[in-house]
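K.L.:
Before we start, here is the structure in question, set down as structure tokens.
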Number of protein chains: 2
Amino acid sequence: MTAPKAVVLVSGGLDSATVLAIAREQEFICHTLSFNYGQRHRVELQAAAEISRRMGAVEHKRITIDLGGFGGSALTDPSMAVPEASSGAIPITYVPARNTVFLSFALGWAEVLGAQDIFIGVNAVDYSGYPDCRPAFIKAFEHLAKLATCAGLEGRAFRIQAPLLHLSKAEIIREGMRLGIDYSRTISCYQADENGRACGVCDSCRFRKQGFWDAGVPDPTRYH
Amino acid sequence: MTAPKAVVLVSGGLDSATVLAIAREQEFICHTLSFNYGQRHRVELQAAAEISRRMGAVEHKRITIDLGGFGGSALTDPSMAVPEASSGAIPITYVPARNTVFLSFALGWAEVLGAQDIFIGVNAVDYSGYPDCRPAFIKAFEHLAKLATCAGLEGRAFRIQAPLLHLSKAEIIREGMRLGIDYSRTISCYQADENGRACGVCDSCRFRKQGFWDAGVPDPTRYH
């Protein structure tokens, strides 16, 4: 019997690298998918390719899409500044419908590959309050996936696997250390420079820094 | 009070042109969205732009995406032939997760625009049996849209408007004639030539031809 295939969304960041390691430990044949969506931190795409290669993905696809054309987010609009601290409300780094778009592409590819499992590194604990990181969103997409596809019509259920959903950042990091991930190769910063060095002050950097601290693990991030 | 905005998915074909006319009659300010997704019939994108302009859309965006990179469909894979007659099963012109991807982008744009309504020309009567043209799929996406967005969190419900869902092709054409659509400017053929002339034999041509016949309206389609 051959191992099952999975599509794994890989951004180049800490969370999705951990998800890829988890999928590999579960013996999935992993096809990784990244998006160039006009984000400021495009250096993360190089990290995504490297992580995919090092961690045993059989294939890595990078898709260029045009979310930036819609505007409305500090991650894709050069005229908006990335904030340095959370305001309590949903931050302007939210990209409208981003995870819906990403999962839709993953679903299309999963159907072509004959994969039932789609892995995504969303997290509803140490996160920025984005709506498309909540358990109810994941459930709703899983329901949609069955109705949206020929595979679903034929009785194949898709699983949206979000193994980090209920973990704190520190728990994610401890799991990744157990799995042997070299987190120095991952980039989480919303405004990393072209060499992949992190700013240390954006939301994403702050959650990550605190996570290493809480996990009692030296932070291998390269800051500028 | 200003009129509400809507995002209208426009392919360049007969169905979505009719949907745009319906949305305009309902006095929506229409922002139209088309996709270059590696389809064979790219001339339909010129038709989409022209239809948007003639029918009073305030803005037309064309997004290039990479569905063809996944393979698996005769509409995007040059090595697969477009079939000339239905086999009963779902045809190989099905593009995996296409409407899910299209609606995801429309949702992102709607959120940025502050629009609540997304119009799509899917039809579950005279169609090819694609799973993502069914009422249950539309309902599931509407549910997802609420959970996926900040707008949804704040209590804004999105409506996925599919006014053709339960109409026959002849009924769609009669509605379009009433609204003054010039269907000679629309392209439905899966393999139209570079001048927009239709093959007359693919699934999409056959449904369209039969529709004009059943509606008792002269078929303005240019065939090659």
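The values are calculated or read from the model by the stated rules, or taken from the named source; none is laboratory data. If you're wondering where the values come from, they're calculated on a predicted model, not measured in any experiment. In this analysis, Cβ positions are derived from the backbone assuming ideal geometry, glycine residues included, and neighbour counts consider all displayed protein chains. Calculation scope for accessible area: heavy atoms of the full protein, side chains included, ligands and nucleic acids excluded. Shrake-Rupley method; radii C 1.70, N 1.55, O 1.52, S 1.80 Å.
K.L.:
Among A:L165, A:L153, which is touching a Pro at 6+ places or on another chain (Cβ under 8 Å) and free of Cβ contacts under 8 Å to residues at least 24 places away in the same chain? Break it down stepwise before answering.
P.N.:
On the way: A:L165 fails: free of Cβ contacts under 8 Å to residues at least 24 places away in the same chain.
None of the others qualify; the one that does is A:L153.
K.L.:
Against the conditions (1) open to solvent by 20 Å² or more (accessible area, probe 1.4 Å); (2) within 30 Å of A:F70 (Cβ to Cβ), where does B:D132 fall short? Just the number, please.
P.N.:
All conditions are met except number (1).
K.L.:
Can you name every residue in region B:135-159 that is at pLDDT 90 or above and surrounded by fewer than 24 Cβ atoms within 10 Å (Cβ to Cβ)?
P.N.:
Once the filter is applied, which keeps residues that are at pLDDT 90 or above and surrounded by fewer than 24 Cβ atoms within 10 Å (Cβ to Cβ), region B:135-159 yields B:P135, B:A136, B:I138, B:K139, B:A140, B:E142, B:H143, B:K146, B:L147, B:R159.
K.L.:
It is to be established whether one or more residues within region A:38-48 are over 12 Å from the mean Cα position of the chain (by Cα) and within 18 Å of A:A106 (Cα to Cα).
P.N.:
Within region A:38-48, not a single residue is over 12 Å from the mean Cα position of the chain (by Cα) and within 18 Å of A:A106 (Cα to Cα).
K.L.:
When the residues of region B:1-13 are narrowed to those that are open to solvent by 30 Å² or more (accessible area, probe 1.4 Å) and either outside any strand (DSSP E or B) or free of Cβ contacts under 8 Å to residues at least 12 places away in the same chain (or both), which ends up nearest to B:V112 (Cα to Cα)? Full working, then the answer.
P.N.:
At the first step, the residues of region B:1-13 found to be open to solvent by 30 Å² or more (accessible area, probe 1.4 Å) are B:1-5, B:11.
Those left that are additionally either outside any strand (DSSP E or B) or free of Cβ contacts under 8 Å to residues at least 12 places away in the same chain (or both): B:1-4, B:11.
Details: B:M1: 20, B:T2: 17, B:A3: 17, B:P4: 14, B:S11: 22 Å.
Going through the qualifying residues, I end up with B:P4.
K.L.:
Against the conditions (1) open to solvent by 40 Å² or more (accessible area, probe 1.4 Å); (2) at pLDDT 95 or above, where does A:S16 fall short? Just the number, please.
P.N.:
So A:S16 meets the others, but not (1).
K.L.:
Would you be able to tell me the number of residues in region B:166-186 that are touching a Phe, Trp or Tyr at 6+ places or on another chain (Cβ under 6 Å) and exposed (fewer than 14 other Cβ atoms within 10 Å of the Cβ)?
P.N.:
Result for region B:166-186: 0.
K.L.:
Can you pull out every residue in region B:90-110 that is open to solvent by 10 Å² or more (accessible area, probe 1.4 Å) and either under 22 Å from B:Q210 (Cβ atoms) or at pLDDT 90 or above (or both)?
P.N.:
B:I90, B:P91, B:I92, B:Y94, B:N99, B:F102
K.L.:
Which of (1) open to solvent by less than 20 Å² (accessible area, probe 1.4 Å); (2) at pLDDT 90 or above; (3) closer than 14 Å to B:D117 by Cβ does B:P163 not meet, given it meets every other one?
P.N.:
(1)
K.L.:
Sort out which residues of region A:136-159 are over 19 Å from A:A23 (Cα atoms) and more than 10 Å from chain B (Cβ to nearest Cβ), and write them in order of number.
P.N.:
Residues satisfying the conditions are A:G155, A:R156.
K.L.:
Could you check region A:19-56 and list, in sequence order, the residues that are surrounded by fewer than 24 Cβ atoms within 10 Å (Cβ to Cβ) and in a loop (DSSP other than H, G, I, E, B)?
P.N.:
Those that are surrounded by fewer than 24 Cβ atoms within 10 Å (Cβ to Cβ) and in a loop (DSSP other than H, G, I, E, B): A:Q26, A:E27, A:F28, A:Y37, A:G38, A:Q39, A:R40, A:R42, A:M55, A:G56.
K.L.:
Would you pick out the residues in region B:119-135 that are within 9 Å of chain A (Cβ to nearest Cβ) and either aliphatic (A, V, I, L, M) or part of a helix (DSSP H, G or I) (or both)?
P.N.:
Those that are within 9 Å of chain A (Cβ to nearest Cβ) and either aliphatic (A, V, I, L, M) or part of a helix (DSSP H, G or I) (or both): B:P131, B:D132.
K.L.:
With respect to the numbered conditions (1) touching an Asp or Glu at 6+ places or on another chain (Cβ under 7 Å); (2) within 14 Å of chain B (Cβ to nearest Cβ); (3) modelled with pLDDT under 95, which one is the sole condition not fulfilled by A:H31?
P.N.:
(3)
K.L.:
Could you tell me how many of the residues in region B:141-158 are charged (D, E, K, R) and under 18 Å from A:E142 (Cβ atoms)?
P.N.:
The first filter runs over region B:141-158 and keeps only residues charged (D, E, K, R), leaving B:142, B:146, B:154, B:156.
Checking which are under 18 Å from A:E142 (Cβ atoms) leaves us with B:142, B:146.
Going through region B:141-158 one residue at a time, the tally reaches 2.
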